[in-house]
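Inspection log for the structure reproduced underneath, given as structure tokens.
The values are calculated or read from the model by the stated rules, or taken from the named source; none is laboratory data. Keep in mind that this is a model prediction, so the values were computed, not measured. Heads up, the Cβs are rebuilt from the backbone with ideal geometry, glycines too, and the neighbour counts pull from every protein chain shown. Note: accessible area is taken over every heavy atom of the protein model, side chains too, but ligands, DNA and RNA are not part of it. Shrake-Rupley method; radii C 1.70, N 1.55, O 1.52, S 1.80 Å.
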Amino acid sequence: MMDKNIYAHFHPDERVFVDQAWDWVRRVAEHHAVKLTDFLDPRQAYIVTTLANRADIRIRLDGGYEGAERKRAILVPDYRDPEDVSSGIRVLAITSNDRKFAELDHGDFLGAILGLGVKRDKVGDIHVLGDVCHVLIAEEIGDFFDLHLRQVHRVNVLTELLPLDRLQVKETELEERILSVASMRLDGIASDVWNLSRGKVTEPIKAGRCRVNWKVEEDPSTPLKPGDVVSLKGLGRFKVLDMEGATKKGRLRVRIGKYV
């Protein structure tokens, strides 16, 4: 049985997922089963790993390539090697003869995929490479994508399922800026990043539409530190890269990178 005090370590909004993750862990431990999850974001992967470490089971995370953000978890009894279990990941290659294809972005591809009624959990990282888009997907839904994905943002497309060794990865691009801020408060930095008033940033944060390191953060005064990744629904996300000292007026110089 899970110690109810474990909930104190997670945000209340995460309780449903914590319960689900503990059920996976419990079934593996008690029934000597093997569990392959759908794709998890980094926060979910942290939760599953934390719970797995509290039981006599082993875990492996795999997103299809080194450095993947979204990963599937393989949970096995402690006497089994998770490396022996396939992560069940394929590459969906999307191409087109339409010149407008090169104008499509990450959101266009994700929107087209979700528009088919597919859960986000079945999709891993998406790599937009100009003349082709490679999407990491759960192999059990590969044939569905290959059959039904025919348009992305009104551009006709072709699809092909590929093995992982043919994956092409696009390196993360960050648009770097130096900010001069009074403090490391979340709302202050976020308002400067997106050129919004403090009030227009505070409202969505308090409404639970902000995540720091993939964890819901509702306190606008939360201090940020180098390495933190912040996302605000509808606006995008940025990463705090470094603190570069103070100005003569006592303000802080912070280097951030907006994801592009």
Quick one, could you list the DSSP H helices from the chain stretching 18 Å or more along their long axis (Cα atoms) with average Kyte-Doolittle hydropathy of -1.0 or above?
15-31
Stretch gain in nm, segment Arg120-Arg15, where the contour uses 0.36 nm per residue and the Cα spacing is subtracted:
35.9 nm
Across all directions of projection, what mean area in square nanometres is found for the Cα convex hull of the chain?
16.2
Averaged over every viewing direction, what's the projected area of the C-alpha convex hull for segment 116-227? Give it in nm², one decimal, please.
9.9
Can you pull the accessible area of Glu139 for me, 1.4 Å probe, Å² to the nearest 10?
100
Keeping to pairs on different chains or 8 or more places apart, tell me how many lysine pairs in segment 126-260 have Cα atoms under 15 Å apart.
9
Given the peptides 190-197, 58-65, arrange them by the average over their residues of other C-beta atoms within 10 Å, most packed first.
58-65, 190-197
